[in-house]
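To start, the structure itself, in structure tokens.
The values are calculated or read from the model by the stated rules, or taken from the named source; none is laboratory data. Everything quoted here is computed from the prediction, not taken from an experiment. Cβ placement follows ideal geometry from the backbone for every residue including glycine, while neighbour counts extend to all protein chains displayed. Just the protein is used for accessible areas: all its heavy atoms, side chains included, with ligands, DNA and RNA removed. Shrake-Rupley method; radii C 1.70, N 1.55, O 1.52, S 1.80 Å.
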Amino acid sequence: MAQRFMPTMLLGTALLLACSGGRDATTTAPPASSRRAAAAAQALPPPTLDGTVSLERVLATRRSVRRYQDRPLSLAQKGQLLWAAQGITDAERGLRTAPSAGALYGLIVYLADDSGVYRYEPHGHGLLPHVGTDIRSPLAEAGLGQKPLQHSPVIIVIAGEPERLVERYGSQAAQHYTILESAHAAQNVLLQVTAMGLGSVPIAAFDADAVGRVVKLPKGEKPLYLIPVGYPREQQAGRAPAGESTSP
Ligand SMILES: Cc1cc2nc3c(=O)[nH]c(=O)nc-3n(C[C@H](O)[C@H](O)[C@H](O)COP(=O)(O)O)c2cc1C
């Protein structure tokens, strides 16, 4: 009985800590590694904080879009998408656009375009060069041949590092919470995309090891979501054309 009770108690404690805001409820400064990265990053234009479309309109019109115009996105548009995923919205406490178990922030967000791959630095809202070549074709291969990955001007890659949560929550909860956190960040991107008149689709059907190699993810980081973004080629493509979607 006592043995069966223990995991429940541990899970309960983990949940309580996750709900309580954890260390970052009182933390004011980002870690030294984040400060160094922020200093080296290319600054992005400040995000727009007042859009022109209501949240309800965005929710009512969001649709997965899998065909894009051959038209690049501006640096400001890219920055807006990254901010939606993980931007800092409370500088004093380091809190972000998406919620995080215990405010431990187990996600790393990358952006791939025709010039390479960049890592988003939430502190300082900047981009750090990560890979110097266009990876979209090999990424599409790692994504089981899904064409949106090859033909979109921009792909947001959401990776997770569950290790950041293990000390606090244990291994199983850390995996679970990191996946939940990535879904919050992904939904933010999808809604932001819709509000900007762009199109995107959340892609999770991929070979994770292959994606990790193509994106050159550091050890311990796992790809959780790929989100191609571009100007829609046709009005709200909605459903995947036959043979184009390998989604679950
Ligand atoms: C966890 C998850 C994984 C998905 N993976 C893929 C995918 O690999 N490829 C794809 O084309 N769509 C993928 N989708 C998008 C769904 O196909 C899409 O959301 C669904 O058809 C409903 O359409 P809607 O997004 O327009 O509402 C995924 C969606 C979710 C939630």
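Normalised by the number of residues in region 109-248, the average gap of Cα pairs under 8 Å and 6 or more apart makes the relative contact order 27 percent.
Which lysines have a Cα lying under 26 Å from the Cα of LYS147, excluding residues fewer than 8 positions away in the same chain? Qualifying lysines at Cα under 26 Å: LYS78, LYS216, LYS222. Toward the positive end of the charge dipole of region 97-166, with +1 on the Cβ of Lys and Arg and -1 on the Cβ of Asp and Glu, the farthest Cα among ALA112, HIS123, THR97 is that of THR97. Full extension of the segment from LEU49 to LEU128, taken as 0.36 nm per residue of separation minus the current Cα-Cα distance, would add 26.1 nm. Averaged over its residues, region 159-240 has an accessible area of 48 Å² per residue, based on protein heavy atoms and a 1.4 Å probe.
Rolling a 1.4 Å probe across all protein chains gives ARG66 an accessible area of roughly 40 Å². Among residues other than ASP113 with Cβ under 9 Å from its Cβ, the summed charge is 0 (Lys and Arg +1, Asp and Glu -1). Computed from the Cβ-Cβ distance with R0 of 35 Å, the FRET efficiency linking SER171 to SER74 stands at 0.25.
Annotation: amide H-H contacts under 5 Å for VAL65 (H modelled 1.01 Å from N, sequence separation of 5 or more, or interchain): SER200, VAL201. Placing pseudo-labels 7 Å out from each Cα toward the beta carbon at GLU234 and ASP207 gives an inter-label distance of 3.1 nm. Accessible surface computed residue by residue for region 92-139, with neighbouring protein chains in place and a 1.4 Å probe, gives 34 Å² per residue. A Förster radius of 22 Å combined with the Cβ-Cβ distance from LEU180 to ARG93 puts the calculated FRET efficiency at roughly 0.60.
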